[in-house]
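Below you'll find the structure, written out as structure tokens, and then a few comments.
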Amino acid sequence: MIVKADRDKCAGHARCWVLAPNLFELDDEGYILPGDIPIPPEQEQLAGRAVRACPERALQIVKD
Ligand code: SF4
């Protein structure tokens, strides 16, 4: 699974990071680092929860 992070939509709530700090990296101002995030199979469920927890829809599953 790959999760795409859209920095332009991110509002810096850090909900993704609270759920999965090892998957979602934030910059110094608390915004998501943009780009494709490869998700190891054993972390897919957690990543899915983080995607759904983002109120700005800044995270998107682009490949299952
Ligand atoms: S939960 Fe969404 S809006 Fe908040 S930091 Fe993560 S990607 Fe950005």
Within the range 10-30, tally of residues that are open to solvent by 60 Å² or more (accessible area, probe 1.4 Å) and either outside any loop (DSSP other than H, G, I, E, B) or more than 6 Å from the ligand (Cβ to nearest atom) (or both): 8
Failed item in (1) in contact (Cβ under 8 Å) with a residue 60 or more places away in the chain; (2) touching a helix residue (DSSP H, G or I) at 6+ places or on another chain (Cβ under 7 Å), with residue 2 passing the rest: (2)
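The values are calculated or read from the model by the stated rules, or taken from the named source; none is laboratory data. Not measured: the values here are computed from a predicted model. Glycine also receives a Cβ, built like all others from the backbone with ideal geometry; neighbour counts cover every protein chain displayed. Remember, those area values only see protein heavy atoms, side chains included, never the ligands or the DNA or RNA. Shrake-Rupley method; radii C 1.70, N 1.55, O 1.52, S 1.80 Å.
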